[in-house]
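Colleague: Sharing a structure with you now.
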Amino acid sequence: MSAQIAPAPPEKNWREANDAVGQYKRGHADILKWEKENVAATPRQETAASLSLMTAEDAVRQAWRAHLDLVKPMNRIGAANVDLIAKGQWAELDPIHQRKVDDMDELLEVAAQGRKAWLQAVAARQVLKQHRDALDAAEAGNELGRRMVSVGNWSKLQQAQVQLAQSSAKMNVRRAQNAATQAEASLIRTLGLTGMHSAVALPDRLPDVPVQALSPQVLDTRAAAIASQLPRAEGMRNGANARLARQAYLSSHALAVSAREEVLKVREFITEETVLHYNGMLKSVWDLLGEVSSQSQAVASAIEAQRDFWIAETDLQWVMQGGAPDSFVSLGGGGGEPAAAAGH
């Protein structure tokens, strides 16, 4: 992006600069809340959704529809147990189904894959929105800087710094847009709907992470329950998987809670103080935009930690029913990179 700005009229002074900036509806004291019509926002083209999946349960049931062979095990376990699986309440299932119902493994695997694909898609779209909001602020700041330069209150160097912040925000949006598009396509593919749907309606945010993780005692009890239903060799593999799944689950929970209760609260305080100092002309637009960028990244990281927890929770429940995921979540690694291979 070029940093070339027209020379500032020499007759303009600081008061006239403020008056020029004040032509905006909210003046220059709160660039974070400027109306979008006052900034040159990046055009956003959204494809109309032809499929609505507002809960993970919706995704699981849709995934099952693509596997007609699962009707038989679903009939065997009954509607009540099918509902438990669809809603993610696998701990309430009787482990004996693993031994007595053919294709139970496939029923659970399809449910787990559908649930995880949904979580990835919702999180990616949530992160995209966060980066778009940050871009709006950066664009507002750049427009403010352009006005300040035009009336002689800013130098070209100051304007170039703000332009650089806007360029960085645009790059983040493009990366997030690509991630969201890929996650949506993966969800559609996982549900067996490729070619039938090109866009999906999803909720605005992921479910909240529970305050408390499952206790080691509860996890031990569940692990023992499924181990008693499996042949010895299979039970040993399941035990190894259970240890990996438990570690991912407990670690992801700790990280998600820390991001929510510690990092975000501190960042919110810093942002609020920076805005107050900016309004009092004790901080520059550059300071404010830098803090907006930091706040945006903190929120995006918190969303990813939240996503990682729910993926780890899904894997844990799957393992506790005898499942064997191909890999476990790599915390902070995008939610899909393998941390360790699961045994088969």
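Colleague: Report yes if some residue within segment 52-61 is touching a strand residue (DSSP E or B) at 6+ places or on another chain (Cβ under 6 Å), touching a residue at least 60 places away in the same chain (Cβ under 8 Å) and under 26 Å from Leu193 (Cα atoms); otherwise report no.
Modeller: Quick first cut of segment 52-61, residues touching a strand residue (DSSP E or B) at 6+ places or on another chain (Cβ under 6 Å) only: 52-53.
Within this subset, residues satisfying the condition of being touching a residue at least 60 places away in the same chain (Cβ under 8 Å) are 52-53.
Still in the list and also under 26 Å from Leu193 (Cα atoms): 52-53.
Yes, there is a match, as at least one residue in segment 52-61 is touching a strand residue (DSSP E or B) at 6+ places or on another chain (Cβ under 6 Å), touching a residue at least 60 places away in the same chain (Cβ under 8 Å) and under 26 Å from Leu193 (Cα atoms).
Colleague: While we're on this one: Out of everything in segment 295-344 that is small (Gly, Ala, Ser), under 12 Å from Gln120 (Cα atoms) and open to solvent by 40 Å² or more (accessible area, probe 1.4 Å), what residue ends up being modelled with the highest pLDDT?
Modeller: Gly334
Colleague: Tally up the residues in segment 204-217 that are of a type in the set (A, V, I, L, M, F, W, C) and exposed (fewer than 12 other Cβ atoms within 10 Å of the Cβ), please.
Modeller: 1
Colleague: Tell me which of these Lys283 doesn't satisfy, since it passes every other one: (1) surrounded by fewer than 18 Cβ atoms within 10 Å (Cβ to Cβ); (2) in a helix (DSSP H, G or I).
Modeller: Exception for Lys283: condition (2).
Colleague: Determine whether segment 218-231 contains at least one residue that is farther than 29 Å from Trp318 by Cα and part of a loop (DSSP other than H, G, I, E, B).
Modeller: No, the conditions are met nowhere in segment 218-231.
Colleague: State all residues of segment 236-262 that are charged (D, E, K, R) and either in contact with a strand residue (DSSP E or B) (Cβ under 7 Å, 6 or more places away or on another chain) or open to solvent by 80 Å² or more (accessible area, probe 1.4 Å) (or both); if no residue qualifies, say none. Steps first, please.
Modeller: If we filter segment 236-262 for residues that are charged (D, E, K, R), which is where we start, we get 237, 243, 246, 260-262.
Hits for segment 236-262 are Arg237, Arg243, Glu262.
Colleague: Tell me which of these Gly322 doesn't satisfy, since it passes every other one: (1) within 26 Å of Leu157 (Cβ to Cβ); (2) outside any helix (DSSP H, G or I); (3) touching a Leu at 6+ places or on another chain (Cβ under 7 Å).
Modeller: Failing condition for Gly322: (1).
Colleague: Within segment 179-203, how many residues turn out to be at pLDDT 95 or above and open to solvent by 90 Å² or more (accessible area, probe 1.4 Å)?
Modeller: The number of residues fulfilling the criteria is 2.
Colleague: Just one of (1) farther than 21 Å from Ala91 by Cα; (2) modelled with pLDDT of 80 or more; (3) crowded, with 20+ Cβ neighbours inside 10 Å trips up Val292, so point out which.
Modeller: (2)
The values are calculated or read from the model by the stated rules, or taken from the named source; none is laboratory data. Computed from a predicted structure; not experimentally measured. A quick note on method: Cβ atoms are made from the backbone with ideal geometry, for glycine too, and the neighbour counts reach across all protein chains shown. When the accessible area is computed, the model is the full protein with side chains, heavy atoms only, and any ligands, DNA or RNA have been set aside. Shrake-Rupley method; radii C 1.70, N 1.55, O 1.52, S 1.80 Å.
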